[in-house]
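K.L.:
One structure, pasted below without further comment.
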Amino acid sequence: MSQPVDTAVSAVRTYIAQHRVAFLDDLTEWLRIPSVSAQPDHAPDVRHSADWLAAKLKETGFPTAEVWPTPGAPAVYAEWPSADPEAPTVLVYGHHDVQPAAREDGWDSEPFEPVVRDGRLYARGAADDKGQVFFHTLGVRAHLATTGRTTPAVHLKLLIEGEEESGSPHFRALVEQHADRLTADAVIVSDTGMWSEDTPTVCTGMRGLAECEIRLYGPDQDIHSGSFGGAVPNPATAVARLVAALHDEHARVAIPGFYDGVVELTDRERELFAELPFDEDQWLRTAKSHGTRGEAGYSTLERVWARPTAEVNGIGGGYQGPGSKTIIPSSAMVKLSFRLVAGQDPEHVREAVGAWVPGQLPDGIRHEISFSPATRPCLTPLDHPALQSVVRAMGRAFDTPVRFTREGGSGPAADLQDVLGAPVLFLGISVPSDGWHAPDEKVDLDLLLKGVETSAYLWGDLAEHWRHAP
Ligand SMILES: [Zn+2]
């Protein structure tokens, strides 16, 4: 049963309906700019996209809208202070760069010529992430127009980066550089999705990521397996044993100290996850896997969203060409990645891995471990007042109860949490079929406008329920 529509809701819906065409025209114009951050020949387009957005945010009413350069592609920062000094400060995060796309990748229409078919807008960036950034522009206008305000109910800030699709190489430094201007009580990330068209969800956290490459060295060169085999250690055997020792028989990571600090799922979260309409067969088809496997005692969703992992991403060593080559190889390697959950410290994980590896190796095998920069996990408790506001705003827009998910992947939002010390909340209206990074990326126009509507309710709700401590 949906709730009766209250007058505030009908005012917001009327406003959105009146401004829908202009909103979509503007979004279409932005989507025409091929802001592909990964391709150097599109660097001018990424800059153009940043300039376009900054100008549009000014037009929307943001008194401050600036393009922030980085050693790579620029970000856009905008700020609209509330007249209410005690209002909370909210920072919206998204990105204006997009994945590469070409018609011949299998698109039914040109990726940078947006078209609407069956109520869906097809274009690269429609869902990831221009559409989801842009819904906040009409959202804040609807918030003001329908409440009679001249400034938002919260101090509103936007940080829209230009290198997310290239791994955000300069994002953390950018956030550190501008930390004094970016201070916020909460960060709202609009670069995620929800469960499905019928099941709006709010994501409460993302896993972190630590990655390393381990190289094992045996003889100083490849040596004859007849002359020496059986009497010297083989690095390829050693790497296989190392990998085999990574998990115990319950598929738990066997590295001592790995689970230190892990925030366990609460009973309430497990109940809520279990209530989601999860179809494991469908999920397996999406995974293109032929079976499930994971840590004993957890459901598939719990494993992906709330449990840390160790995965082998690549392994090699020795002769891999045609025919045979009877050698003991001089080296072998493995690339490992660890998904981390709230409470885990990447630095501690790195130390635990470093301390564990030598004990797994026979005498005569030397090793080197190199770690890539890590991404921290983030998690906002279900009872956090800002999360409750997001849930209420989304519930009003969608006329249906909002459920909770988490995200198994990792993202630069964690840097905002880290540097600014603010909780990160995720508000996205994209659905799994939107084709992120794939041909025929699209966004459903009704859902996009629900995003506008959610944004329109959110700022007032936050200000009402989450006053600044004096
Ligand atoms: Zn994205």
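K.L.:
Mind jotting down the three principal axis lengths of region 156-250 based on Cα atoms? Whole angstrom, largest first.
P.N.:
So the extents along the principal axes, rounded to whole Å, are 72, 39, 21.
K.L.:
So what are the radius of gyration and Dmax for the Cα set of region 10-90, in Å?
P.N.:
According to the Cα coordinates of region 10-90, Rg and Dmax are 15.7, 46 Å.
K.L.:
Follow-up. In whole Å, what are the Cα extents of the chain along the three principal axes, biggest one first?
P.N.:
Projected onto its principal axes, the Cα set of the chain covers 86, 50, 45 Å.
K.L.:
Turning to a different aspect of this structure: Could you derive backbone 3J(HN,Hα) for region 50-64 from the dihedral phi with the Karplus parameters 6.51, -1.76 and 1.60 (θ = phi - 60°), listing whole Hz in sequence and x where the residue is Gly or Pro?
P.N.:
Couplings: 5, 4, 4, 5, 4, 5, 5, 5, 4, 4, 5, x, 4, x, 10 Hz.
K.L.:
Find the centroid of the Cα atoms in region 294-310 and in region 199-247, then give the distance between the two in whole Å.
P.N.:
22
K.L.:
Above 13 Å lies some portion of the pair distances; for region 66-114, what is it as a whole percent of all C-alpha pairs?
P.N.:
Numbers: 862 of 1176 pairs.
Value for region 66-114: 73 percent of Cα pairs lie more than 13 Å apart.
K.L.:
Also: Which value, in debye to the nearest 20, gives the size of the charge dipole of region 43-194 about its Cα centre, when Lys and Arg are +1 and Asp and Glu are -1 at the Cβ? Could you put the intermediate results ahead of the total?
P.N.:
Working: 13 positive and 24 negative charges, 100 e Å.
Magnitude of the dipole: close to 480 debye.
K.L.:
How large is the accessible surface per residue of region 219-270, computed with a 1.4 Å probe and reported in Å² as a whole number?
P.N.:
59
K.L.:
Same structure again: Let me make sure I get this right: for region 251-351, a, b and c are the square roots of the gyration tensor eigenvalues over alpha carbons, sorted descending. Under 1.5 in a/c it's rounded, otherwise prolate if a/b > b/c, else oblate. Which is it?
P.N.:
Here region 251-351 falls in the oblate category.
K.L.:
A further question follows. Counting only Cα, what are the radius of gyration and maximum Cα-Cα distance Dmax of region 1-156, in Å?
P.N.:
Spelled out, the Cα radius of gyration and Dmax of region 1-156 are 17.3, 53 Å.
K.L.:
Leaving out ligands, DNA and RNA, and with a 1.4 Å probe, what % of the accessible surface on region 238-394 is carbon or sulfur? Mind dumping the intermediate values first?
P.N.:
Working: 4060 of 8220 Å².
Ligands and nucleic acids excluded, carbon and sulfur give 49 percent.
K.L.:
Which residue, chosen from 194, 40, 411, occupies the Cα position most advanced towards the positive end of the dipole of the chain, where the dipole is computed from +1 (Lys, Arg) and -1 (Asp, Glu) charges on Cβ about the Cα centre?
P.N.:
411
K.L.:
Also: Semi-axes, largest first, in whole Å: what does sqrt of 5 times each Cα gyration tensor eigenvalue give for region 330-470?
P.N.:
Three semi-axes, in Å: 41, 21, 11.
K.L.:
Out of residues 5 or more away from residue 188 or on other chains, whose amide H comes under 5 Å of its own, with H placed 1.01 Å from N in the peptide plane?
P.N.:
Those lying under 5 Å, H to H, from residue 188 are 91, 92, 93, 425.
K.L.:
Can you list residues whose amide H is under 5 Å from residue 247's amide H, if they're 5+ apart or on another chain and H is modeled 1.01 Å from N?
P.N.:
254
K.L.:
For region 331-338, in order, what is each residue's ³J(HN,Hα) by Karplus, 6.51 cos²θ - 1.76 cosθ + 1.60 with θ = phi - 60°, in whole Hz (x at glycine and Pro)?
P.N.:
Per residue, the Karplus-derived 3J(HN,Hα) values read 8, 8, 8, 9, 10, 10, 10, 10 Hz.
K.L.:
With angles folded into 0 to 90 degrees, how steeply does helix 130-147 sit against the dominant principal axis of the chain? Use alpha carbons for both and round to 10.
P.N.:
On a 0 to 90 degree scale, this one is about 30.
K.L.:
Continuing with this model, one more query. Between the helical axis of 7-31 and the dominant principal axis of the chain, each derived from Cα atoms, what acute angle in degrees is found, rounded to the nearest 10?
P.N.:
Rounded to the nearest ten degrees, it is 60.
K.L.:
Shifting gears a bit: Give the residue from 31, 73, 52 lying farthest towards the positive end of the charge dipole for region 13-91; charges sit on Cβ (+1 for Lys and Arg, -1 for Asp and Glu) and the dipole is referred to the Cα centre.
P.N.:
It is 31.
K.L.:
Something else now. Would you tally the net charge around residue 433, using a Cβ to Cβ cut-off of less than 12 Å, leaving residue 433 out, and scoring K and R as +1, D and E as -1?
P.N.:
-3
K.L.:
Hey, got the dipole for the chain? About the Cα centre, +1 on K and R Cβ, -1 on D and E Cβ, debye to the nearest 20?
P.N.:
With only Lys, Arg, Asp and Glu charged at Cβ, the dipole is about 260 debye.
K.L.:
Compute the acute angle (0 to 90°) between the alpha-carbon long axis of helix 346-356 and the principal axis of greatest extent of the alpha-carbon atoms of the chain; round to the nearest 10°.
P.N.:
10
K.L.:
Let me ask something else. Is region 177-229 best put as rounded, prolate or oblate by its Cα gyration tensor, with a ≥ b ≥ c the root eigenvalues, rounded for a/c under 1.5, and otherwise prolate when a/b is larger than b/c, oblate when not?
P.N.:
It comes out oblate by the Cα gyration axes.
K.L.:
Going by the alpha-carbon gyration tensor, a ≥ b ≥ c the square roots of its eigenvalues, is region 90-201 rounded (a/c under 1.5) or, if a/c is not under 1.5, prolate (a/b greater than b/c) versus oblate?
P.N.:
It comes out oblate by the Cα gyration axes.
K.L.:
Cα centroid distance between region 151-192 and region 63-79, in Å?
P.N.:
10
K.L.:
A further question on this structure: Which is farthest toward the positive dipole end of the chain among 387, 151, 332, measuring Cα position about the Cα centre, with Cβ charges +1 (Lys, Arg) and -1 (Asp, Glu)?
P.N.:
332
The values are calculated or read from the model by the stated rules, or taken from the named source; none is laboratory data. Every value quoted in this text rests on a predicted model; they were computed, and no experiment measured them. Cβ coordinates were reconstructed from backbone atoms using ideal geometry, including for glycine residues, and neighbour counts include every protein chain displayed. In case anyone asks, the SASA skips ligands and DNA or RNA and just uses the protein heavy atoms, side chains included. Shrake-Rupley method; radii C 1.70, N 1.55, O 1.52, S 1.80 Å.
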